[in-house]
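K.L.:
Below is the structure I would like to discuss, written out as structure tokens.
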Amino acid sequence: MRRTVLFIVTSFWAYGELAIAIEFARGMAGTEFRPLFLIPPSHRKLIAHEGLEHQVLVPGSGKINRILLHEIQHLHAPAMVVLADFLNFDFCDRHYGLRRADLDIFECPLGTFDDFAWGRPGAWLDTYGFTAKYEGDITLDGLTFRLRPCPLNNPLDETAGPDVHPYSLLDSVEDTPATERDAVRGELGLRGDRPVVLVAGASWQRLHGAYPRVTPFVEACHAMLERLLTRVLEHADVVAVGPRLVFTDTSPEGFHHLGPVEPERFRRLTQAVDVHLGNNIVSVSLHRLALGGIPSVVLMNSLHKHDGQARWETPDPPALSGYARRVVDDTAELYPYRMFPVGWFHFLTSLLDGNPFADMVSQVEMFDEEAALATVVPLLSAGPERDRLAESRHTYLTALRKLGGVDTILRQVAAL
């Protein structure tokens, strides 16, 4: 009989942690382990589509959810329990009435996906421009193992302890197929043989509405993105996936907004893509596309503005275009980010330092209009910039292949 691995997913507004858990579960095929998911109702359709066994949390009912945990222990006796995101679980009591102590019912190792190597020296959690007030409450105490997906973790990190298990985030890393490129282009209404730039966003990136002072900054970034895409459209068509953030009044020729798409459709449409443009370096979609060989550009920001004073977090600040200068002047507050719009500029800096994944993608300042355009356009066709990213991808994939596989990791954890 196969042994059960329970994945507990508590984030109901974002799909990143679910995607990471699903990828890991796929790697369990053919092993002595089987996955069981405990998920929010919002994820039921997606997890069912994946054909994975699951049970559903009841929002607002801690009593029922604790009974559910007892039932899983009684019926399945998990060999291990994996928190898809320990940080989210530790703050999920308001949604599901569960706390870390409720997991004591399980008689097995308890661990988590350690997506960002928590506890790195010098890392501090900057959220919307401020140090997160809850940072002191974050702890890995009581967890016996960490699963570190690469990317975004560094596969060459030699400082990890015996309870840390780095592994390849994607079970299968292959070139993005192009067998149906023409068919997909036809479905999207793309013009001729023009290159295609994909812009992907997520619904959770609009949750900043709870922080009114952040809204002008978000609008400034959207203005810069629209400005960049307007100029990119002179060279390529643009396909946008997710919430509509730019060109809200009218769509210029060559701009195609698809809205949210299912994972299978997303994977299909990537066959028509020449360049991916994002603003979140922790995005699983970014990782999938870059590892699949699609040149990827990440817009980030190191420009800080407070009380009318602007300063850069980089020793070599760029010169702003006239348009960018007007946007900056008209925005009262700016803050650095690597994960838009949350921030995490400082938190992710040490994770990216010396990390070969940082060489696999092109990172450019959001407010450096000219540099952003000069980064995207050369990637639209064959040339030295695409060759450089391809070589970095080869180096990174070589490092990934040296990591332990899912089956090896699970047998090590189960033996604890």
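The values are calculated or read from the model by the stated rules, or taken from the named source; none is laboratory data. None of these values were measured; they are calculated from a predicted model. Glycine also receives a Cβ, built like all others from the backbone with ideal geometry; neighbour counts cover every protein chain displayed.
K.L.:
Give the residue, chosen from 264, 313, that is charged (D, E, K, R) and under 24 Å from residue 126 (Cβ atoms).
P.N.:
Numbers: 264 fails: under 24 Å from residue 126 (Cβ atoms).
Matching residue, one of 264, 313: 313.
K.L.:
From the list 299, 233, 289, which residue is hydrophobic (A, V, I, L, M, F, W, C) and in contact with a Pro (Cβ under 8 Å, 6 or more places away or on another chain)?
P.N.:
Working: 299 fails: in contact with a Pro (Cβ under 8 Å, 6 or more places away or on another chain); 289 fails: in contact with a Pro (Cβ under 8 Å, 6 or more places away or on another chain).
One residue alone meets the criteria, 233.
K.L.:
Restricting attention to the range 136-154, does a residue exist that is over 25 Å from residue 33 (Cβ atoms), of a type in the set (Val, Ile, Thr), out of contact with any Lys or Arg (no Cβ under 7 Å at 6 or more places or on another chain) and surrounded by fewer than 21 Cβ atoms within 10 Å (Cβ to Cβ)?
P.N.:
Checked the range 136-154: at least one residue is over 25 Å from residue 33 (Cβ atoms), of a type in the set (Val, Ile, Thr), out of contact with any Lys or Arg (no Cβ under 7 Å at 6 or more places or on another chain) and surrounded by fewer than 21 Cβ atoms within 10 Å (Cβ to Cβ).
K.L.:
Considering each residue of the range 1-39, count those that are touching a His at 6+ places or on another chain (Cβ under 8 Å), more than 23 Å from residue 339 (Cα to Cα) and not aliphatic (A, V, I, L, M), and give that number.
P.N.:
Final tally of qualifying residues: 2.
K.L.:
For the range 33-53, check the following and say yes or no: at least one residue is hydroxyl-bearing (Ser, Thr, Tyr) and within 13 Å of residue 97 (Cβ to Cβ).
P.N.:
The answer is no, given that none of the residues of the range 33-53 is hydroxyl-bearing (Ser, Thr, Tyr) and within 13 Å of residue 97 (Cβ to Cβ).
K.L.:
Among (1) surrounded by 21 or more Cβ atoms within 10 Å (Cβ to Cβ); (2) in contact with an Asp or Glu (Cβ under 8 Å, 6 or more places away or on another chain); (3) at pLDDT below 95, there is one condition residue 285 misses while meeting the rest; what is its number?
P.N.:
(2)
K.L.:
Please work out which residue is modelled with the lowest pLDDT, limiting yourself to the range 88-104 and to residues that are assigned to a helix (DSSP H, G or I) and within 10 Å of residue 11 (Cα to Cα).
P.N.:
Here is the first cut: in the range 88-104, the ones assigned to a helix (DSSP H, G or I) are 88-89, 93-96, 100-104.
Next, only the ones that are within 10 Å of residue 11 (Cα to Cα) stay: 88-89, 95.
On the way: 88: 82, 89: 86, 95: 87.
So the residue we want is 88.
K.L.:
Could you tell me which of the residues 210, 178 is over 22 Å from residue 377 (Cα atoms), modelled with pLDDT under 95 and surrounded by fewer than 21 Cβ atoms within 10 Å (Cβ to Cβ)?
P.N.:
It is 210.
K.L.:
Same structure again: Return the total of residues in the range 110-136 being at pLDDT 85 or above, β-branched (Val, Ile, Thr) and over 30 Å from residue 73 (Cα atoms).
P.N.:
1
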